[in-house]
Amino acid sequence: MATWSDFEKIEIRTGIIVEASLLEDAKYSTHKLKIDFGEETGTKQSCARLVRYMPEELIGKKILAVTNFPPKQIGKNMSEVLTLGVPGSDGECVLIHPENAEIVERGARLY
């Protein structure tokens with residue numbers, strides 16, 4: 001079982017996708033994202049398997065990501081944050097986002 005102190009170590013923050021492109025060279029990921037988490041965390045790169053999304057529909061989307069995992073090499077790209085999602089009925093990722101995204105600031109921490 002995880003403890004409360006384990007949970008407190010993980011930083012899950014809101015960010016806005018500012019760039020999205022298809023990854024041609026990665027084995028499992030489909031998109032390379034640049035996500036703006038605000039002044040404190042800055043803009044970070046993420047590689048994610050998002051087959052249900054086209055790059056243009058991701059731009060401007062407010063999402064949640066783990067921002068304090070160590071970077072991970074994904075093919076030729078470095079993923080600096082873990083973009084969060086849950087499986088849809090087809091097993092493919094559906095991004096997690098705040099319900100009232102317009103009132104949630106970039107970089108807000110999940111609690």
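Taking only the stretch 55-88 into account, find how many residues are modelled with pLDDT under 95, under 18 Å from GLU19 (Cβ atoms) and loosely packed, with under 12 Cβ neighbours inside 10 Å. Of the residues in the stretch 55-88, 1 are modelled with pLDDT under 95, under 18 Å from GLU19 (Cβ atoms) and loosely packed, with under 12 Cβ neighbours inside 10 Å. Here GLU24 does not fit the description of being part of a strand (DSSP E or B), free of Cβ contacts under 8 Å to residues at least 60 places away in the same chain and open to solvent by 80 Å² or more (accessible area, probe 1.4 Å).
Residues that are farther than 23 Å from ASP25 by Cα, assigned to a loop (DSSP other than H, G, I, E, B) and small (Gly, Ala, Ser): does the stretch 85-103 have at least one? Looking for residues that are farther than 23 Å from ASP25 by Cα, assigned to a loop (DSSP other than H, G, I, E, B) and small (Gly, Ala, Ser), one finds at least one in the stretch 85-103, hence yes. On the basis of being among the aliphatic types (A, V, I, L, M), over 30 Å from GLU8 (Cβ atoms) and open to solvent by 50 Å² or more (accessible area, probe 1.4 Å), does VAL51 make the cut? Here the answer is yes, as VAL51 does meet what is asked.
Considering every residue within the stretch 36-58, establish whether at least one is within 18 Å of MET78 (Cα to Cα), in a strand (DSSP E or B) and without any contact (Cβ under 8 Å) to a residue 24 or more places away in the chain. The answer is no; no qualifying residue exists. Modelled with pLDDT under 95 and touching a Ser or Thr at 6+ places or on another chain (Cβ under 8 Å), is that true of ILE35? No, not satisfied.
When ARG106 is tested against (1) of a type in the set (D, E, K, R); (2) at pLDDT 95 or above; (3) not in a loop (DSSP other than H, G, I, E, B), only condition (3) is not met. Which pairs turn up if I take residues in the stretch 97-111 that are under 16 Å from ILE35 (Cα atoms) and look for partners that are in a loop (DSSP other than H, G, I, E, B) and open to solvent by 90 Å² or more (accessible area, probe 1.4 Å) with beta carbon separation below 8 Å, at least 6 apart in sequence or on another chain? Filtered contacts from the stretch 97-111: GLY107/GLU39; GLY107/GLU40.
The values are calculated or read from the model by the stated rules, or taken from the named source; none is laboratory data. In this text the structure is predicted, and so the values were computed from the model without any measurement. Heads up, the Cβs are rebuilt from the backbone with ideal geometry, glycines too, and the neighbour counts pull from every protein chain shown. Just so you know, the surface numbers come from the protein's heavy atoms only, side chains and all, with ligands and any DNA or RNA stripped out. Shrake-Rupley method; radii C 1.70, N 1.55, O 1.52, S 1.80 Å.
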